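Bear in mind that the values in this text are calculations on the coordinates, not laboratory data. Not measured: the values here are computed from a predicted model. All Cβ positions, glycine included, derive from the backbone under ideal geometry; neighbour counts span all protein chains shown.
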Amino acid sequence: MIRPAAKEDMPHLVDIWLRASQLAHDFIPAEFWQRRAHDMATRYLPGAETHVLELGGSIIGFAALNGDHLEALFIDPDFQRFGHGTHLMAHAMTCRERITLCVYSRNVRAVSFYRRLGFQSVEDRLEPLSGESETLMAWCRQPNVE
């Protein structure tokens, strides 16, 4: 089940974000993510349109949109590789005509995931907080052709 995030979900979402970030971005020191957990809980997630994915009554992932920009898509590491990220993205893609996102270029698994969903690379640039290269990607809904 996908539903809007509630305030009481924030600690669990930040826990998923932190564990999944450290796993997916092992090229960035764990302390980098730990230092950003408070801002994630108090600024970024509450300021976004956040959708949570529940399985068996437990939150296993979330997607956070800020307008047409996907700020975050994270699945609990224990539940990755079962299609849950694809399910969450399909939901987000039904809510928007266009979505942009930024992904660390060295996170090859995520770049490939978004390409499979139809996202195109727009620009490679430097992410200032980490100093890592990131790729701006975009997706647009195809118009219905009759």
Query - Two-decimal ratio, the chain, of alpha-carbon radius of gyration to 2.2 N^0.38 Å - result: 1.02
Query raised in the report: Which order results if LEU117, LEU129 are arranged by neighbouring Cβ count within 10 Å, fewest first?
Result: LEU129, LEU117
Query - SER21, SER105 arranged by Cβ crowding within 10 Å, fewest neighbours leading - result: SER105, SER21
Requested in this report: Quote the charge dipole size of segment 2-140 about the Cα centre in Debye, to the nearest 20; the model charges only the Cβ of Lys and Arg (+1) and of Asp and Glu (-1).
Outcome: 240 debye
Report task. With +1 on each Lys and Arg Cβ and -1 on each Asp and Glu Cβ, and nothing else charged, work out how big the dipole of segment 94-146 is about its Cα centre, in Debye to the nearest 20. Result -> 220 debye
Report summary line: Ranking THR50, MET89, PRO11 by how far each Cα lies towards the positive end of the charge dipole of the chain (+1 on Lys and Arg Cβ, -1 on Asp and Glu Cβ), the top one is MET89
Query raised in the report: What relative contact order, as a whole-number percentage, does the chain give when Cα pairs under 8 Å and 6 or more residues apart are counted?
Result: 19 percent
Report task. Taking the Cβ of each residue in GLU134, GLU8, GLU54, GLU97 as the centre, tally the other Cβ atoms inside 10 Å and list the residues starting with the fewest. Result -> GLU8, GLU97, GLU54, GLU134
Requested in this report: Go ahead and estimate [θ] at 222 nm for the chain from helices alone: -39,500 (n - 2.57) per DSSP H run with n ≥ 4, summed, over the residue count, rounded to 500.
Outcome: -9500 deg cm²/dmol
**Report entry** Equivalent-ellipsoid semi-axes of segment 1-75, from the Cα gyration tensor, Å, largest first
**Finding:** 19, 14, 11
